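Let me begin by presenting the structure, written as structure tokens, before commenting on it.
The values are calculated or read from the model by the stated rules, or taken from the named source; none is laboratory data. Everything numeric here is computed off the predicted structure, so don't read it as measured data. Cβ atoms come from the backbone with ideal geometry, glycine included; neighbour counts cover every protein chain shown. Just so you know, the surface numbers come from the protein's heavy atoms only, side chains and all, with ligands and any DNA or RNA stripped out. Shrake-Rupley method; radii C 1.70, N 1.55, O 1.52, S 1.80 Å.
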Amino acid sequence: MTADFRFPAGFLWGAATSAYQVEGSPLADGAGPSIWQRFAHTPGLMRDGDTGDVACDHYRRFRDDVALMRDLGLKAYRFSVSWSRVLPEGRGKVNAAGLGFYERLVDTLLENGITPTATLFHWDLPAALDDRGGWLNPDLAAWFADYASVLFRALDDRIKMWATLNEPWVVTDGGYLHGALAPGHRNLYETPIASHNLLRAHGAAVQAYRAEGKNRIGLVVNLEPKYPASQSKEDLAATRRADAYMNRQYLDPAFLRCYPDEMREIFGDAWHDWPQQDFDLIAQKLDFLGINYYTRSVAKADARAWPVFAAPERQEGAIYTETGWEVYPQGLADTLNWVRTRYGQIPLYITENGAAFRDPPTVDKMLDDTSRVDYLRSHLRAVHGAIQAGCDVRGYFAWSLFDNLEWSLGFSKRFGIVHVDFKTLKRTPKASSKFYRSVIESNGAVLG
């Protein structure tokens, strides 16, 4: 007997991108530079010297791209707004042309029967605000709320689902601790400050939405379940630290009004005792939580893996993607159930899930990306299993709609269900997009 993998009625099926990764034209029509514009143009920081100057040229091709989304059967499109397009200085005067781009994008989506869902911040802080200290400046929370209010006033009549931040852990781990991402800092003492101010900004934006908006707003985090490599006390302790650092550091303040105890162990004298009013700001009531899931980590104690002293142990016989991430769909079900158990029954969306595999730079017909199809099928089955177990999962967004700029890895990693030839910018749907369309049309029935 074939299992029934149909999803609940009204389940939201979509795909996702982010502004700097797909739009191109980052300084067009009065936009200001972002920290990613600066980072990408700093020699030696980006693989092959790639930049987002053109990316997928979505800024100029969005109408054709939306028509493609419609043809792929997408019901929703998750995009991010470039803060410095709308406010070139990060605050103050609104750039009408930049805001107008997002108004036209949203209108075109709606005309094509696609639900727009917007993320306010997907890593591309205005360079003008970085010059004022970036996420180390406590005033940034209020500036972020002001920026958010501009968008709420302009678009909340058409956008029914907003997210404040995307993956604050990546912003601080990559941008402030290890220097692999913009703004490229490497400073243990800065990292907890940046994380805390990101969360304060999130809370301030939710407060602003409650004053301006009439629909739904949430937070998007990347979660990576941690499993111990052994039952030794060292590996168990390493697993707790890794989980606290990547997962609980951002969710505990948002739901429980505190940080995990392990944070002081990780950061030592770089850690702070934050005032209670900060947690009251951070822990605004959310309408949903977005979860980005790619892989798990099997954690082993490692004295060289500063500052968490936990390193991922490669699993013999496992399948790994081009980014070195293990394909482990059970981890997605485990994550969803963990969130429900720890933080309660909150509406959940899988806001990113996907995989990079070795796709050719040029194709002349639909690419048979079997590995990506298998990845999507197995992870969607895991989501269905979590729903059956009681998790309130209401939507799924494949990452990503297009092959795009994979941040400091440049164009070397392809996550898209649509192939992009970065020389000609030709879009060619992959077999994974055909498979995903069949999932959407059947509401999951083809997963059986």
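Please state which one of Asp369, Asp359, Asp334, Asp374 is of a type in the set (Asp, Glu), under 30 Å from Ala283 (Cβ atoms) and at pLDDT 95 or above. Even if it seems obvious, please write down each step before you answer.
On the way: Asp369 fails: under 30 Å from Ala283 (Cβ atoms); Asp359 fails: under 30 Å from Ala283 (Cβ atoms); Asp374 fails: under 30 Å from Ala283 (Cβ atoms).
Exactly one of Asp369, Asp359, Asp334, Asp374 is of a type in the set (Asp, Glu), under 30 Å from Ala283 (Cβ atoms) and at pLDDT 95 or above, namely Asp334.
From the residues in region 400-448 that are in contact with a Leu (Cβ under 7 Å, 6 or more places away or on another chain) and open to solvent by 30 Å² or more (accessible area, probe 1.4 Å), which one is farthest from Asp53 (Cα to Cα)?
The residue in question is Arg437.
Table: residues versus (1) of a type outside the set (A, V, I, L, M); (2) within 16 Å of His58 (Cα to Cα).
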| position | (1), (2) |
| --- | --- |
| Pro88 | yes, no |
| Gly92 | yes, no |
| Asn95 | yes, no |
| Leu99 | no, yes |
| Leu110 | no, no |
| Phe121 | yes, no |
| Ala128 | no, no |
| Arg132 | yes, no |
| Trp135 | yes, no |
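In region 173-196, which residues are at negative phi and open to solvent by 10 Å² or more (accessible area, probe 1.4 Å)?
We begin by selecting, within region 173-196, every residue at negative phi; these are 173-178, 180-183, 185-196.
Asp173, His178, Ala180, Leu181, Pro183, His185, Arg186, Asn187, Leu188, Tyr189, Glu190, Ile193, listed by residue number.
Which condition from (1) buried (at least 21 other Cβ atoms within 10 Å of the Cβ); (2) among the small types (Gly, Ala, Ser); (3) closer than 30 Å to Lys434 by Cα is the one that Ala67 breaks?
So the condition that Ala67 fails would be (1).
Of a type in the set (D, E, K, R), open to solvent by less than 30 Å² (accessible area, probe 1.4 Å) and farther than 22 Å from Asp146 by Cα, is that true of Asp57?
Values: of a type in the set (D, E, K, R): yes; open to solvent by less than 30 Å² (accessible area, probe 1.4 Å): yes; farther than 22 Å from Asp146 by Cα: yes.
Here the answer is yes, as Asp57 does meet what is asked.
Filter region 380-393 down to residues that are touching a Leu at 6+ places or on another chain (Cβ under 6 Å) and outside any loop (DSSP other than H, G, I, E, B), then give me how many there are.
5
Residues in region 406-445 that are in contact (Cβ under 8 Å) with a residue 24 or more places away in the chain and assigned to a helix (DSSP H, G or I): how many?
15
Can you tell me which residue within region 144-160, out of those that are out of contact with any Asp or Glu (no Cβ under 8 Å at 6 or more places or on another chain) and surrounded by fewer than 21 Cβ atoms within 10 Å (Cβ to Cβ), is farthest from Tyr250 (Cα to Cα)? Talk me through it step by step, then tell me what you get.
Within region 144-160, the subset out of contact with any Asp or Glu (no Cβ under 8 Å at 6 or more places or on another chain) is 144-148, 150-151, 157, 159-160.
Add one more test, that the residue is surrounded by fewer than 21 Cβ atoms within 10 Å (Cβ to Cβ), and what stays is 146, 150, 157, 160.
On the way: Asp146: 22, Val150: 26, Asp157: 30, Lys160: 24 Å.
Only one residue fits best here, namely Asp157.
Return the total of residues in region 51-100 being closer than 14 Å to Ile417 by Cβ and not hydrophobic (A, V, I, L, M, F, W, C).
Total meeting the criteria: 5.
Based on what the data block shows, is Glu316 within 21 Å of Glu167 (Cα to Cα), charged (D, E, K, R), open to solvent by 30 Å² or more (accessible area, probe 1.4 Å) and not in a strand (DSSP E or B)? First the steps, then the outcome.
Working: within 21 Å of Glu167 (Cα to Cα): no; charged (D, E, K, R): yes; open to solvent by 30 Å² or more (accessible area, probe 1.4 Å): yes; not in a strand (DSSP E or B): yes.
Answer is no for this residue.
Name the residue that is nearest to Leu286 (Cα to Cα), counting only residues in region 337-351 that are in contact with a Cys (Cβ under 8 Å, 6 or more places away or on another chain) and either small (Gly, Ala, Ser) or open to solvent by less than 20 Å² (accessible area, probe 1.4 Å) (or both).
Leu348
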